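Scroll down for the structure; my scribbles are underneath it.
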Amino acid sequence: MLDPLVYLNGEMTPLSEAKIPVLDRGFIFGDGVYEVIPMYARRLFRAKQHMARLFRSLNAVGIHNPHTEAEWMALIGKVASAHPADDQLIYMQVTRGVAKRAHAFPEGVAPTVFIMTNPFVPPAAELCENGIACATMEDKRWLRCDIKSISLLGNVLAAQYAVEHNAMETIQFRDGYLTEGSSSNVWVCKDGTLMAPPKDALILEGIRYGLIEELCETAGIPFQARRMTREEVLAADEVLISSAGRELLPVVRIDDRPIGNGKPGPVFHKLHAGYQEAKKA
Ligand code: PDD
């Protein structure tokens, strides 16, 4: 089996040999942030936006950013070029570093930097043709979901809920209003207008959020950011999810109720075509 080279604190090592001390605050407290960047045909997709979000996340939790953007790009380039796949999903993580266990920030500790990559496998064509089923649950996460934190227990529980309910994703609601999926943003289409929850602290602003706004503009699809109730979501003509790994997928069932006519709709098809074009640009 392929044992790809990863970057860990200044060294390139085979993944199977990369080790961190157990006192790493990422392990002890989930004290860190991460990014997931797609690479198509050996070109990073929306790297600037992903890097800007990484910098925002680091800043939001007060972890020192150990590299300039150019240095980050060089490190990602090293990991990506060591891998044989032309399409990859690059994962990068920064934790607050290794220190004696005490909750508040340690002093004089260097952050832990880790970058790995995997082949990017696009969602099966069958999922785009027939759509996916989603479950729903109350959003029980913290109130800073805008930070791409590695503390993902709420998201992990939501993802497992989907698995246990024969669904591909769990759509979360907070106090009756749509937030997002366990690891995706959620889009709702009604009467030709595409809508998504506002970019606030209750959701992670996906890098695809901005992309889909741009695709709407190009395709002449009106877009509105607003709060939506569970009833509105269930009564939608179309529902979509987006993320780096799943790109854009149509949701045709939620909690065993069909969405629209139970098939992927015209807005999905238009945006999906736009997405595939954007990958080649
Ligand atoms: N997750 N919301 C959450 C909670 C997410 O975890 C993700 C992505 C998104 C979509 O963001 P983007 O369009 O930038 O991928 C929204 C990544 C892929 C992950 O955790 O693996």
All but one of (1) under 13 Å from the mean Cα position of the chain (by Cα); (2) within 24 Å of residue 133 (Cβ to Cβ) hold for residue 239; which doesn't?
(1)
Residue, surrounded by the fewest Cβ atoms within 10 Å (Cβ to Cβ), within the stretch 197-223, restricted to residues that are charged (D, E, K, R) and under 21 Å from residue 154 (Cα atoms)
200
For strands (runs of 3 or more DSSP E) lying entirely in the stretch 142-230, having 1 or more residues that are within 14 Å of the ligand (Cβ to nearest atom) and under 25 Å from residue 33 (Cα atoms) picks out 169-174, 177-181, 185-190, 193-196
For residue 268, only one of the following conditions fails: (1) under 13 Å from residue 127 (Cα atoms); (2) modelled with pLDDT under 95; (3) not charged (D, E, K, R). What is its number?
(2)
Within the stretch 26-70, the count of residues that are exposed (fewer than 15 other Cβ atoms within 10 Å of the Cβ), within 14 Å of the ligand (Cβ to nearest atom) and at positive phi comes to 1
Within the stretch 113-149, considering residues that are acidic (Asp, Glu) and touching a Leu at 6+ places or on another chain (Cβ under 9 Å), the one nearest to residue 29 (Cα to Cα):
146
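The values are calculated or read from the model by the stated rules, or taken from the named source; none is laboratory data. Bear in mind the structure is a predicted one, so any value in this text is a computation, not a measurement. Because the Cβ atoms are built from the backbone with ideal geometry, glycine has one as well, and the counts that use them run over all protein chains shown.
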